[in-house]
Amino acid sequence: MEVIWVYFHNMKVYYLSDIRSTDEFLPLFWSKLEFGELPLGQPAETILPDVRVVFGAGKRETIASELRRLGLSKALVLATPQQCDAALEIAEQIGALAVGVFCKAEMHTPVQVTQDALAHVKETQADCVVAIGGGSTTGLGKAIAYRTDLPQIVIPTTYAGSECTPILGQTENGVKTTLSDPSILPEVIIYDSELVTTLPVSMTVTSALNAMAHAAEALYAPDKTAETTAMAIEGLTAFIEGLPKVLQDPTDLVAREATQRGAWACGTVLGQVGMALHHKLCHTLGGSFDLPHAETHAIVLPHAIAYNARAAANDLQPICDLLGGNNSGTALYDFAKKMNAPTALRDLGLKEEDLDRAADLATTKPYPNPQPVTREDIRALLQAAWAGDTPLK
Ligand code: NAD
């Protein structure tokens with residue numbers, strides 16, 4: 001059997017290819033382990049708690065048993081207003097284990113919404129949250145867990161990957177801040193491929209590119225390891241192979257599950273290594289210009305990667321290997337166009353006169369990035385991304 005990569009945990013070694021055939025496994029958060037030059041089987045420690053991850057069509061049916069396994073009996077089910085039906089369905093399915101449904105999750109996790117939800121937690125005496133939705137709903141669950149330490153079961157319905165990270169971004173008075181804490185990481189993630197079939201095709205594409213962005217930046221992260229790189233490549237491969245199949249038939253559960261496994265790999269590396277220019281630009285454009293999250297990631301990704309390919313072409317070579325071509329940024333641009341992704345920030349409502357301020361905001365504070373960040377170069381990158389032009393090399 002081909003060994004794809006290895007997990008260390010409590011002195012045991014797990015081969016992903018061995019456990020991949022089962023639809024349930026306990027992924028072991030390995031990248032915070034002290035790998036160094038350790039030979040196989042040496043003891044290692046993790047600073048992150050284990051997270052139980054379940055894949056499979058119809059696996060939402062196991063929520064009740066997951067709750068019982070954790071000794072929980074009072075779940076507050078969370079969703080956005082758009083996915084309230086899905087939340088109500090889950091509440092009905094788990095019956096007496098649900099104490100309420102809160103359908104007000106919003107993008108960028110406004111603190112006001114969290115406070116509203118916390119009032120429901122108190123009123124219902126909930127002992128856990130069950131979040132069904134994309135990164136916005138997951139964000140609300142994380143915000144509650146951060147403040148109360150309540151356990152979370154997350155049922156992701158996009159590819160954003162927030163469920164895999166101990167990172168919480170939240171907004172208050174128009175300012176988005178990010179923090180990280182072990183309490184933010186969910187206890188259980190259930191990837192049910194049936195639930196992602198309702199994701200509109202356009203959102204499927206942009207959300208997939210959002211996930212791929214985590215993996216792409218993980219390839220040149222200063223704190224990357226051989227294992228995070230392997231996982232990033234695994235995530236990219238899952239989308240590059242799986243997304244065309246999903247677009248051909250959005251109800252193809254095998255292809256949907258393959259892309260969800262990709263989302264898990266991409267989200268996990270996001271939580272394990274530092275991100276750079278691409279995430280900085282998207283954070284700026286989302287936080288200060290209110291651009292939609294996944295679409296912004298989809299448009300900026302080829303430009304940010306082409307920019308960093310000037311200094312990190314070797315690190316980014318896996319993208320060329322997977323997509324063809326000799327520049328990872330233009331390869332991603334061509335892939336995105338083939339998948340009918342949006343390519344121009346102007347189509348998201350960003351005004352050309354905003355580009356100067358965006359360039360200022362994205363370059364005021366220094367951060368690690370393979371290619372040195374200059375205001376002039378970032379302004380040029382943003383101009384190309386705004387117009388939908390081929391990335392500047
Ligand atoms: P989202 O959660 O905002 O979802 C977008 C819309 O699509 C919502 O209306 C949602 O209800 C709907 N939707 C989601 N799944 C659906 C489905 N299967 N069928 C029908 N409709 C569906 O979008 P997102 O891109 O998943 O999340 C974006 C948010 O997540 C942002 O706030 C971003 O900052 C955050 N995020 C955080 C992290 C992290 O690690 N902290 C990582 C990635 C994203």
> Looking only at region 136-170, which residues are polar (S, T, N, Q) and surrounded by fewer than 19 Cβ atoms within 10 Å (Cβ to Cβ)?
Replying inline: THR148
> Here is a list of conditions, (1) closer than 20 Å to VAL53 by Cα; (2) of a type in the set (Asp, Glu); (3) at pLDDT 95 or above, and ASP181 meets all of them except one; can you say which number that is?
Replying inline: (3)
> Do we have any residue at all in region 200-207 that's of a type in the set (A, V, I, L, M) and either within 30 Å of ARG147 (Cα to Cα) or in contact with a Leu (Cβ under 6 Å, 6 or more places away or on another chain) (or both)?
Replying inline: no
>> Looking at LYS365 and the list (1) part of a helix (DSSP H, G or I); (2) exposed (fewer than 14 other Cβ atoms within 10 Å of the Cβ), which single condition is not satisfied?
In response: (1)
>> Looking only at region 182-204, filter to residues that are over 14 Å from ILE155 (Cα atoms) and in contact with a Phe, Trp or Tyr (Cβ under 6 Å, 6 or more places away or on another chain); which one of those is nearest to the ligand (Cβ to nearest atom)?
In response: ILE184
>> Take VAL269 and tell me if it is surrounded by 24 or more Cβ atoms within 10 Å (Cβ to Cβ), part of a helix (DSSP H, G or I), hydrophobic (A, V, I, L, M, F, W, C) and not assigned by TED's automatic domain parsing to the domain that holds THR157.
In response: yes
> Can you tell me which of LEU243, LEU253 is at pLDDT 95 or above, under 20 Å from VAL54 (Cα atoms) and not acidic (Asp, Glu)?
Replying inline: LEU253
> So which residues in region 148-181 are near the ligand (Cβ under 9 Å from one of its atoms) and within 25 Å of PRO250 (Cα to Cα), if there are any at all?
Replying inline: PRO156, THR157, THR158, TYR159, ALA160, GLY161, SER162, GLU163, CYS164
>> Residues to consider are ALA230, ALA311; find the one that is surrounded by fewer than 19 Cβ atoms within 10 Å (Cβ to Cβ) and touching a Pro at 6+ places or on another chain (Cβ under 7 Å).
In response: ALA311
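The values are calculated or read from the model by the stated rules, or taken from the named source; none is laboratory data. Predicted model, so just to flag it, every value in this text is computed and none were measured. Quick reminder, even Gly has a Cβ in these numbers, built from the backbone with ideal geometry, and neighbours come from all protein chains shown.
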